[in-house]
Amino acid sequence: MDMITTIASLTAEALRQTWPDAAGLPDADALRGLISVPPDPAMGDYALPCFRFAKALRMGPPMIAKALAEGWQHGSVARAEALNGYLNFFLNRTDFARSTVQAVLAADGNFGAGTEGAGKTICLDYSSINIAKRFHIGHLSTTMIGNSLKRIYDYLGYKTVGINHLGDWGTQFGKMICAYKKWGNREQVEAGGVDALTELYVRFHEEAKKDPALEDEGRAWFKRIEDGDPEALEIFHWFKDLTLKDAARVYELLGVEFDSYAGESFYVDKTGAVVDALREKGLLTQSEGAWVVDLSEDGMNPCLILKKDGTTIYATRDLAAAIYRHDTYHFDKCLYVVAYQQDTHFRQVFRVLEKMGYDWVKDCVHVSFGMVSFDGQALSTRNGNVVHLDDLLREAIDKARAIIEEKSPNLPGKDEVARQVGIGAVVYADLANNRIKDINFSWERALNFDGETGPYVQYTHARCCSVLRKAAELSLPEPDWNGLADDESQALLRLIERFPDVIREAAAKYEPSMITRAVTDIAQAYNHFYYEHRVLDDDPAVAAARVALTQAARDVIRRGLWLIGIEAPERM
Ligand code: ARG
């Protein structure tokens, strides 16, 4: 049990014992949310404001604090003092240091891992790129939030299924094949990859302005894909392979993986059953020749199911996909990590599933997020504001290499470290804030080794590793845990001790940024500690305690970075 939870239950018990007849007192769970760390350590290690109970007890907060302090039965909290309506708790700092460090070291790199997810499955739909389009910056957040959530749930013992719901269906592919047949050739497309496909698509639209009959030809090619025509399918699959090969490079750089690439095309033959079910349940109505599910009762626009020409749309395929995932994986939760622009889409899809009687739709969650933009002009490419992710990542690596070259020219394995730091900077910037906030990316900020950045946290981790390398050369005695009773050590310990809790909160709120925050706080606290104290102290038993704390900090930072998808180099 972590310290805040311990204090909360001790206090809940104390409240009950002191005022057995009072009604409306908060329970331990509610108390947890009220406990915080006072700004001045002289006011205790933790504090609880007593204003909240004033009404239930019909008593002033100072009186309540005083009564609780007087009757305090300490347990792991050495004493409680009343001050200005607050109950201030003072830990037995030596015990707290010992138990916290020992717990982290005993976990052997897996501090905070859990088994609460055993037997439960979570599907995560993330990244979900579109075929024949370059992997651009708009897909960074979905990729990294999804990747992080997958790691978080894995760490808590869930079975996770990472799904890349490819955008690989739609009339645009007919147009692209049509353009390819008219103006393209195999060598040129092989050489140009996804860019060549984009050019063909752009050309199609230019030519179609002059010659509208092209649209029909494009549609005819799409019909051939739908009908399983071998030539059309061969070209279509080739386009898909090219795109996925391109994306694979980015995924490798980012260390992101999937369990399934079942995209929209995979569900096309499963949409018939969905349409039948909707019709049977009387949910389909006709509107201007198309078939829709009316959602006016819910204050939403109708959800389009079949177009006038009888073909399905994005939403139809998402209905089929949700049902398929439920039947196949029996998920406890299905998360859709998709930008907030698709809020309405998911509200419609979930509502339709609910109307169909699928009560498991309550377990489907749209994990939405804001947009990424740049303040540096240099980043927008010739074709407007689309920033290609591989260009961005390569630029990040180059810039990181230049910084490393300057700071530590003799570092071994510079290329590898530059990759880890460059990518880390981008991923950190992406996961630094509440996911729903828009992100304004700036190179200067992202690559600053001193600010709240990926490189800063990585650098702190490398600093811990360096201390541990030096310590390994000494033979230290058993730690003297009194050596960690100072304010800086305790501040660091409190953050480390909370880490398991942060992971669970991040999981419950689908919010990787909470882990980003926690590793940053821990890195900052470690650096405070490091500047205020000599780790390799003259007293070897104190040195041993500080080394153990350094190791605990290193383990937790490393694990935290891993949970948000960032590597932790041992030297920088
Ligand atoms: N391919 C879509 C896009 O890029 C995202 C798909 C999200 N997943 C889903 N099941 N609809 O906008």
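Some observations on this one:
- Hey, residue 202 in a helix (DSSP H, G or I), within 27 Å of residue 127 (Cβ to Cβ) and in contact with a strand residue (DSSP E or B) (Cβ under 8 Å, 6 or more places away or on another chain) or not: no
- Criterion: among the small types (Gly, Ala, Ser), more than 16 Å from the ligand (Cβ to nearest atom), under 30 Å from residue 333 (Cα atoms) and surrounded by 16 or more Cβ atoms within 10 Å (Cβ to Cβ) - qualifying residue of 109, 117: 117
- Given (1) surrounded by fewer than 19 Cβ atoms within 10 Å (Cβ to Cβ); (2) free of Cβ contacts under 8 Å to residues at least 40 places away in the same chain; (3) among the aliphatic types (A, V, I, L, M); (4) farther than 26 Å from residue 125 by Cα, index of the condition residue 233 fails: (4)
- Applying a threshold of 8 Å to beta carbon distances and a minimum spacing of six or more residues, or different chains, the list of pairs starting in the stretch 523-546 at a residue that is on the phi > 0 side of the Ramachandran plot and in contact (Cβ under 8 Å) with a residue 24 or more places away in the chain and ending at one that is of a type outside the set (Gly, Ala, Ser) and in a loop (DSSP other than H, G, I, E, B) is empty.
Let's see how each residue does on (1) hydrophobic (A, V, I, L, M, F, W, C); (2) under 32 Å from the mean Cα position of the chain (by Cα); (3) assigned to a loop (DSSP other than H, G, I, E, B):
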| residue | (1), (2), (3) |
| --- | --- |
| 247 | yes, yes, no |
| 324 | no, yes, no |
| 327 | no, yes, no |
| 331 | yes, yes, yes |
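- Matching residues, the stretch 10-23, being part of a helix (DSSP H, G or I), surrounded by 17 or more Cβ atoms within 10 Å (Cβ to Cβ) and free of Cβ contacts under 8 Å to residues at least 60 places away in the same chain: 12, 14, 15
- Qualifying residue in the stretch 413-426 (condition: assigned to a loop (DSSP other than H, G, I, E, B) and in contact with a Phe, Trp or Tyr (Cβ under 7 Å, 6 or more places away or on another chain)): no
- For the stretch 275-291, the count of residues that are within 16 Å of the ligand (Cβ to nearest atom) and under 18 Å from residue 320 (Cα atoms) is zero.
- Restricting attention to the stretch 30-49, the residues that are assigned to a loop (DSSP other than H, G, I, E, B) and more than 10 Å from residue 11 (Cβ to Cβ) add up to 7.
- The stretch 291-322, subset part of a helix (DSSP H, G or I) and touching a Ser or Thr at 6+ places or on another chain (Cβ under 7 Å), residue surrounded by the most Cβ atoms within 10 Å (Cβ to Cβ): 316
- Identity of the residue in the stretch 123-141, part of a strand (DSSP E or B) and more than 9 Å from the ligand (Cβ to nearest atom), that ends up nearest to residue 392 (Cα to Cα): 136
- Among residues of the stretch 167-185 that are in contact (Cβ under 8 Å) with a residue 12 or more places away in the chain and within 13 Å of the ligand (Cβ to nearest atom), those with a Cβ under 8 angstrom from a residue that is among the acidic types (Asp, Glu) and in a helix (DSSP H, G or I), sequence gap 6+ or separate chain, pair up as 167/264; 168/264; 169/264; 170/264.
- Subset of the stretch 259-270 [touching a strand residue (DSSP E or B) at 6+ places or on another chain (Cβ under 8 Å) and surrounded by 20 or more Cβ atoms within 10 Å (Cβ to Cβ)]: 263, 264
- Pairs, first closer than 25 Å to residue 237 by Cα in the stretch 259-279, second part of a helix (DSSP H, G or I) and more than 16 Å from the ligand (Cβ to nearest atom), C-beta under 8 Å, six or more apart: 268/226
- When residues in the stretch 51-85 are screened for being touching a Lys or Arg at 6+ places or on another chain (Cβ under 9 Å) and closer than 14 Å to residue 14 by Cβ, 3 of them pass.
- Here the condition is being among the hydroxyl-bearing types (Ser, Thr, Tyr) and under 30 Å from residue 276 (Cα atoms); of 428, 358, 456, it holds for 358 alone.
Computed from the coordinates by the stated procedures, all read-outs in this text should not be read as laboratory data. None of the values given here were measured: they were computed from a predicted structure. Neighbour counts run over all protein chains shown; Cβ positions are idealised from the backbone, glycine included.
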